[in-house]
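To start, the structure under review is shown below, and the notes come after it.
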Amino acid sequence: MLKSALKILVSIALLLLLFNFVDVSSVLARLQQVNYAWVALACALLMAGYVLASVRWAWLARGLGLTVRASRKIKIYFLGMFLSLFLPSTIGGDFARGFLLARGREGAGWTAAASVLLERVNGLLALTVVTTVCMFSIDLPSHWRNLWLLGVAVLWLGMLSYPFWHRRLPGFLHRWQGVAIDTPEFFRAWWRAMLLSLCFQVVMIATTMILGHAAGLEISWAAYGVMVGLVSMATILPVSFNGFGVREAGYVGFASYFGGNPEAAAAMAALWVIVLAVVAAPGAWVLWRIGGTAALRREAPPEA
């Protein structure tokens with residue numbers, strides 16, 4: 001409970017700082033002038049992107065030996081998105097996805113949890129690829145680019161070498177060792193999922209560009225790519241309430257760095273919240289069908 005309260009305070013503090021940085025009346029004026037046909041297009045594109053992401057998860061789970069109907073995976077994925085966006089992290093979207101995937105399958109808990117974690121890692125690695133391409137298409141200080149490349153190299157080296165270490169982990173990780181990560185089936189699923197992850201990251205950039213166009217944010221496609229990549233990584237950090245504040249401040253900060261109008265960036269960030277809410281809405285229906293958050297709390301581990 002304390003951690004959740006601190007995250008909410010961080011989100012509020014970042015949003016208040018943002019309000020002091022931009023002209024709020026100008027942001028509201030831009031939102032009033034938005035052609036919401038562009039927002040509808042962004043919603044449709046992002047919805048398609050999250051369907052791709054749910055198929056990616058289905059492939060990875062199947063590679064680990066967990067087979068379930070693709071339609072059910074899509075429903076669970078949108079439920080997880082809804083929980084991650086709107087509800088406290090004590091009933092996180094990733095926990096819900098793993099729990100519902102494992103439910104009714106004896107001894108499948110660790111494998112289901114691994115499928116969720118690995119889906120996140122797969123997406124993160126694809127994000128580094130797309131962001132790197134964008135970084136080399138824009139003028140950035142060489143030391144920042146070199147530092148980025150070092151971090152990306154470490155991530156990819158860790159991923160490529162991990163199958164060798166999987167069965168050599170310490171004994172207390174025996175349950176994790178039992179997850180079939182180092183099998184040919186998972187290897188094939190991993191690289192198929194990587195292709196979907198690359199497509200998903202392109203969809204995220206395209207969606208942001210559409211919303212930026214609607215709000216009047218004029219920066220290059222490469223700047224959009226770098227901004228989306230770095231902000232996405234920042235929102236992964238568990239320092240705010242589901243990324244609120246970090247996302248908005250990140251968009252305004254990076255857009256300003258690349259020469260964009262900060263009020264336009266703030267308006268784009270507000271449109272992103274609308275789009276995320278619309279796209280996550282199907283998850284609310286799935287949550288209602290399974291019995292609400294009470295059904296998940298009964299199974300949730302105590303918060304550390």
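Number of residues in the stretch 149-186 that are under 25 Å from the mean Cα position of the chain (by Cα), assigned to a helix (DSSP H, G or I) and in contact (Cβ under 8 Å) with a residue 40 or more places away in the chain: the value is 2. Taken together, ALA44, ALA61, ALA70 contain a single residue that is closer than 23 Å to TRP110 by Cβ, within 22 Å of the chain's Cα centre (by Cα) and free of Cβ contacts under 8 Å to residues at least 24 places away in the same chain, which is ALA70. With respect to the conditions (1) among the aliphatic types (A, V, I, L, M); (2) within 20 Å of ASN35 (Cα to Cα); (3) not in a loop (DSSP other than H, G, I, E, B), LEU217 lacks only one, and its number is (3).
Residues of the stretch 17-71 that are in a helix (DSSP H, G or I), under 26 Å from LEU118 (Cα atoms) and among the basic types (Lys, Arg): ARG56, ARG62. Could you say whether any residue in the stretch 236-249 is within 19 Å of MET81 (Cβ to Cβ) and of a type in the set (Ser, Thr, Tyr)? The answer is yes, given that some residue of the stretch 236-249 is within 19 Å of MET81 (Cβ to Cβ) and of a type in the set (Ser, Thr, Tyr).
Candidates in the stretch 103-146 are the residues that are among the polar types (S, T, N, Q), under 17 Å from the mean Cα position of the chain (by Cα) and within 18 Å of GLY63 (Cα to Cα); of these, the one that is modelled with the highest pLDDT is ASN122. Total residues in the stretch 90-147 satisfying the condition of being assigned to a helix (DSSP H, G or I), among the charged types (D, E, K, R) and over 21 Å from PHE186 (Cα atoms): the figure is 1.
Consider the stretch 236-254 and keep the residues that are in contact with a Phe, Trp or Tyr (Cβ under 9 Å, 6 or more places away or on another chain) and without any contact (Cβ under 8 Å) to a residue 60 or more places away in the chain. The one that is surrounded by the fewest Cβ atoms within 10 Å (Cβ to Cβ) is GLY253.
The single condition among (1) loosely packed, with under 15 Cβ neighbours inside 10 Å; (2) under 17 Å from LEU101 (Cβ atoms) that ARG62 does not satisfy is (1). Filtered by the rule that a residue be surrounded by fewer than 18 Cβ atoms within 10 Å (Cβ to Cβ), modelled with pLDDT of 90 or more and in contact with a helix residue (DSSP H, G or I) (Cβ under 9 Å, 6 or more places away or on another chain), the stretch 166-193 gives GLU185, PHE187, ARG188, ARG192.
Scanning the stretch 121-131 turns up no residue that is in contact with a helix residue (DSSP H, G or I) (Cβ under 9 Å, 6 or more places away or on another chain) and farther than 22 Å from VAL231 by Cβ.
The values are calculated or read from the model by the stated rules, or taken from the named source; none is laboratory data. Because the structure is predicted, anything quoted here is derived from the model rather than measured. Glycine gets a Cβ as well: all are built from the backbone with ideal geometry, and neighbour counts include every protein chain shown.
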